[in-house]
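Enquirer: First, the structure itself, so that you have it in front of you.
The values are calculated or read from the model by the stated rules, or taken from the named source; none is laboratory data. Since this is a predicted model, take the numbers as computed values, not measurements. Cβ sites come from the backbone with ideal geometry, for glycine too, and all protein chains shown count toward neighbours.
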Amino acid sequence: MRFKMTFVSITFAVQKSFPEMNNRRSFRRKYLYKLLKKIGVRNMGFMTGEEFSSGVDFACKLDQDDYLSSYRQEFYHPRDTIYLDGNSLGLFSHRAEKKLLQALKEWQELAIAGWTKAEPPWFWYGEKLGELTAPLLGAKTRETIVTGSTTLNIHQLIATLYQPETIGHEILIDELNFPSDHYAVKSQLKLLGGDPDKDLIVVKSVDGVTIAEEDIIEKFSQKVGLALLPSVQYQSGQLLDIERLTEAAHRHNIIIGFDLAHSIGAVPHQLSDLGVDFAVWCNYKYLNAGPGAVGGLYLNNKHLGREPALAGWWGHDKSTQFEMKKDFRSADTAGALQIGTIPVLSSAPLFGSLEMINEIGIEKVRERSLKLTGYLLYLIEKRLSGLKIDFSVNTPLEPERRGGHIALRPHREAYKINEALKDRGIIGDFREPDTIRLAPSPLYTSFQDIWKSVDELREIVINDKYQEFSSSRSEVT
């Protein structure tokens, strides 16, 4: 059985059926759900613009016809598993291993000379990795640096850019953003003399899973000095409209930045052209650089030259860094925001990962990611409908509004179902209170992996296999 329907055609039907609908995207989605419910459709997994079939032979054909499928062999796969957790920790690649072993050998053979004689010299690791990362961000080389961690870089950028005495004194975030982003923003407000209870503007979610851009924009005002938002919501996988939000923020003279942790390596960006002020990210998800890998930051060219609020010797001008003078002279690039010495061994694997993605091209990576998630949505609709446990999808169905993972919500027993999946070697993850996240990596997940995962999920529910597992949470879910 084949099925094809586009988002455009469905939206047109919604507009005809519900003329009271205005142009707000949240309303459009609301009425789209109403129409589908009216005609008896439970989910919207077919809103992909792709033509799919539900049989396993079709999954095999998709893999055979996919010229990027060969990259699957570039990765180590845990034995007897289907790994759908790359939005939390990416798999280890042979290229990452090669670069890590190279760094270890250079340490072994060169010792301290590795800072200048390794390839590339360790002294320039952050800059070289930033140069390789820039094409994924649509950024200039001098605007990008690999350094620190996501949370540390948030602290650095807010402390450097937020100036309540000259711009608005409020900071805006959304309630669904990752907890560490909230912690850092509240901490910075306190350190800079603000009061989080008064100066922190938290945009609420109407449905508990997504944030409407218009609701964010409505909160923009001259009182807001800085906004920090996710590019992709870590729970639902919603992809925010960075262009629209940046334009709106700048109309109010707001400095706006984005946490790209759940988009970099899966979604192309155009940060420089859009005028985004700053961004942060981690490199251990879709960039597969390993657990605890070094992070990264972007600072728009218009802000370069500003002295960092948190100065450290690794942000010093490189040409005079080893003169060891007591007065700080910052680099004239994003490298100025570096604080401490780059951790070589947790940075080296990233060279291999970035080499691979740049070889493919981030646009091609995105194309495959959308096809994988579109196929997953289709199978959820076709194979999980009508079971004794209802499933819904918290991820926006429109391709332009979803990131690289799908948030699946069983209407009961979500934790137990996820545990049953793990017991069968299907590795996604669970997020409170009731979400199972499935992230097909565009570099190493096959279409057969997706078909098998949904098939196992269907069997778990039909035969009550989830009842064999406890609902007691482990420390890491």
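Enquirer: Only residues that are under 18 Å from the mean Cα position of the chain (by Cα) and without any contact (Cβ under 8 Å) to a residue 24 or more places away in the chain: list them for region 119-167, please.
Expert: Result: Ala134, single match.
Enquirer: A follow-up question, please. In region 105-117, what residues are crowded, with 19+ Cβ neighbours inside 10 Å and free of Cβ contacts under 8 Å to residues at least 40 places away in the same chain?
Expert: The one that is crowded, with 19+ Cβ neighbours inside 10 Å and free of Cβ contacts under 8 Å to residues at least 40 places away in the same chain: Glu106.
Enquirer: Here is a list: Tyr71, Tyr76. Which entry is under 30 Å from Leu438 (Cβ atoms), hydroxyl-bearing (Ser, Thr, Tyr), without any contact (Cβ under 8 Å) to a residue 60 or more places away in the chain and in contact with a helix residue (DSSP H, G or I) (Cβ under 8 Å, 6 or more places away or on another chain)?
Expert: Tyr76
Enquirer: Moving to a separate point now. Suppose we keep only residues that are of a type in the set (Phe, Trp, Tyr) and assigned to a helix (DSSP H, G or I) within region 298-321. Which one would you say is nearest to Tyr76 (Cα to Cα)?
Expert: Trp314
Enquirer: Something else: Would you mind telling me which numbered condition in (1) of a type in the set (Val, Ile, Thr); (2) surrounded by fewer than 18 Cβ atoms within 10 Å (Cβ to Cβ); (3) in contact with a strand residue (DSSP E or B) (Cβ under 9 Å, 6 or more places away or on another chain) Thr320 fails?
Expert: (3)
Matching residues to (1) of a type outside the set (A, V, I, L, M, F, W, C); (2) within 23 Å of Phe178 (Cα to Cα):
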position	(1), (2)
Phe430	no, yes
Thr435	yes, yes
Thr445	yes, no
Trp451	no, no
Leu457	no, no
Val461	no, no
Asp464	yes, no
Gln467	yes, no
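Enquirer: Looking at this structure, is Ile154 in contact with a helix residue (DSSP H, G or I) (Cβ under 8 Å, 6 or more places away or on another chain), in the same structural domain as Tyr234 (by TED's automatic domain parsing), buried (at least 20 other Cβ atoms within 10 Å of the Cβ) and over 18 Å from Arg306 (Cβ atoms)?
Expert: no
Enquirer: Before we move on, is Ala249 over 17 Å from the mean Cα position of the chain (by Cα), farther than 21 Å from Leu350 by Cα and part of a loop (DSSP other than H, G, I, E, B)?
Expert: No: the conditions fail for Ala249.
Enquirer: Going by the conditions given, is Ser353 closer than 30 Å to Arg95 by Cα, among the hydroxyl-bearing types (Ser, Thr, Tyr), in contact (Cβ under 8 Å) with a residue 60 or more places away in the chain and outside the structural domain of Ala139 (by TED's automatic domain parsing)?
Expert: no
Enquirer: Working carefully through the options Ser93, Ser53, Ser69, find the one that is buried (at least 21 other Cβ atoms within 10 Å of the Cβ) and of a type in the set (Ser, Thr, Tyr).
Expert: Sole residue among the options that is buried (at least 21 other Cβ atoms within 10 Å of the Cβ) and of a type in the set (Ser, Thr, Tyr): Ser93.
Enquirer: Also, I was wondering about something else. Every residue in region 303-315 that is within 26 Å of Pro164 (Cα to Cα) and out of contact with any Pro (no Cβ under 8 Å at 6 or more places or on another chain), please.
Expert: Within region 303-315, His303, Leu304, Gly305, Arg306, Glu307, Pro308, Ala309, Leu310, Ala311, Gly312 meet the criteria.
Enquirer: Here is a further query. Any idea which of (1) at pLDDT below 95; (2) β-branched (Val, Ile, Thr); (3) over 24 Å from Glu307 (Cβ atoms) is the one Thr116 doesn't satisfy?
Expert: Answer for Thr116: the failing condition is (1).
Enquirer: Still on this structure, I have one more. Got a number for residues in region 263-297 being among the hydroxyl-bearing types (Ser, Thr, Tyr), in a loop (DSSP other than H, G, I, E, B) and touching a Phe, Trp or Tyr at 6+ places or on another chain (Cβ under 9 Å)?
Expert: Qualifying residue count, region 263-297: 1.
Enquirer: Taking the condition closer than 26 Å to Pro308 by Cα, in the same structural domain as Leu299 (by TED's automatic domain parsing) and under 23 Å from the mean Cα position of the chain (by Cα), does Leu172 pass?
Expert: Criteria met by Leu172.
Enquirer: Checking the condition among the polar types (S, T, N, Q) and farther than 22 Å from Thr151 by Cβ, which residue from Ser272, Ser263 passes?
Expert: Every option except Ser272 fails the conditions.
Enquirer: Given the conditions (1) crowded, with 17+ Cβ neighbours inside 10 Å; (2) closer than 18 Å to Pro396 by Cα, report the number of the one that Lys186 does not fulfil.
Expert: Condition not satisfied by Lys186: (2).
Enquirer: Scan region 232-291 residue by residue and report those that are free of Cβ contacts under 8 Å to residues at least 40 places away in the same chain and surrounded by 24 or more Cβ atoms within 10 Å (Cβ to Cβ).
Expert: The answer is Ala249, Ile256, Phe258, Val276.
Enquirer: For region 212-246, give me the residue count where each residue is in a helix (DSSP H, G or I) and either of a type in the set (Lys, Arg) or under 19 Å from the mean Cα position of the chain (by Cα) (or both).
Expert: Within region 212-246, residues that are in a helix (DSSP H, G or I) and either of a type in the set (Lys, Arg) or under 19 Å from the mean Cα position of the chain (by Cα) (or both) number 7.
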